[in-house]
1. Please state the charge dipole magnitude for the stretch 59-125, taken about the Cα centre, from unit charges on C-beta atoms (+1 on K and R, -1 on D and E), reported in debye and rounded to the nearest 20.
2. Based on the Kirkwood radius over alpha-carbon pairs, what value in µm²/s does the Stokes-Einstein equation return for the translational diffusion coefficient of the stretch 1-51 at 37 °C and 0.692 mPa s?
3. So how far apart, in nm, are the two label points at Ala99 and Lys162 if each is 7 Å from Cα heading toward Cβ?
4. Would you please state the base-10 log of I(q)/I(0) at q = 0.12, 0.15, 0.16 1/Å for the stretch 8-137, with intensities from the Debye formula using one equal scatterer on every alpha carbon?
5. Could you give the nm distance between label points at Gln91 and Leu11, where each point is 7 Å from its Cα heading toward the beta carbon?
6. Per 0.36 nm of contour for each residue apart, how much would the distance between Val81 and Gln119 grow if the chain were fully extended, relative to their Cα-Cα spacing?
7. Distance in nm between label sites at Asp31 and Asn60, each 7 Å beyond Cα in the beta-carbon direction?
8. Give me the percent of accessible area attributable to carbon and sulfur for the stretch 32-184, probe 1.4 angstrom.
Amino acid sequence: KRIAEQTKDDLITNVAHDLRTPLTSIIGYLDLVKREDILTPEQKNKYIGIVYDKAKSLENLIEDLFEVSKVQSGNVALNLVEVDLVSLIRQVHLECEQALNEKNLEVRINSSDEKILLQLDSAKAFRIFENLLLNISKYAMNSTRVFIDVMNLENSVKVIFKNISEQELDFNPDEITERFVQGDASRN
């Protein structure tokens, strides 16, 4: 029971931190925008754009929190349709291209098949792959390659994302799939 309480406390701490970060930024930029006497119209538009991006980030975090809550309660409804996995991954790559370009990351998608048709909830699969690519764009070393391997095996499909981390990872590789383990020591 004690481990469950610690896990819950860790979740609350992490969620609060993740929500507070974009919110603090939004408030700071809005305070600047309110001071019209010191901003040019170009600066004001730039800051409004940043506020919008941070608000969208906050919206995504809150949506993720609701999704986690649904998964934990078992209230997830899947809308399964036939999806071409390779096309879906290419689409996600295009959506994340700006964030990847900001770090000068070159993405290489390797697939043995042109099409790999699967029964998936396309929106949820999109979010999973988007989350992976956005995390890569945040934590990958600048000017490196990102590899996405899509392998159509006999009875399954395997998708592997590989990149070089900007920071040296200071944990056991087996821990990466454990709940709440993060490579960023400031959050521990």
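1. Values: 6 positive and 13 negative charges, 32 e Å.
Taking the Cα centre of the stretch 59-125 as origin, the dipole is about 160 debye.
2. It diffuses with D of about 251 µm²/s by this estimate.
3. 2.3 nm
4. Evaluating at q = 0.12, 0.15, 0.16 Å⁻¹ gives log10 I(q)/I(0) of -0.67, -0.94, -1.01.
5. 3.0 nm
6. 13.2 nm
7. So the two model labels end up 2.6 nm from each other.
8. Carbon and sulfur together cover 50 percent of it.
The values are calculated or read from the model by the stated rules, or taken from the named source; none is laboratory data. Just so we're clear, the structure is a prediction, and the values are computed from it rather than from any experiment. In this analysis, Cβ positions are derived from the backbone assuming ideal geometry, glycine residues included, and neighbour counts consider all displayed protein chains. All accessible areas refer to the heavy atoms of the entire protein, side chains included, with ligands and DNA or RNA removed. Shrake-Rupley method; radii C 1.70, N 1.55, O 1.52, S 1.80 Å.
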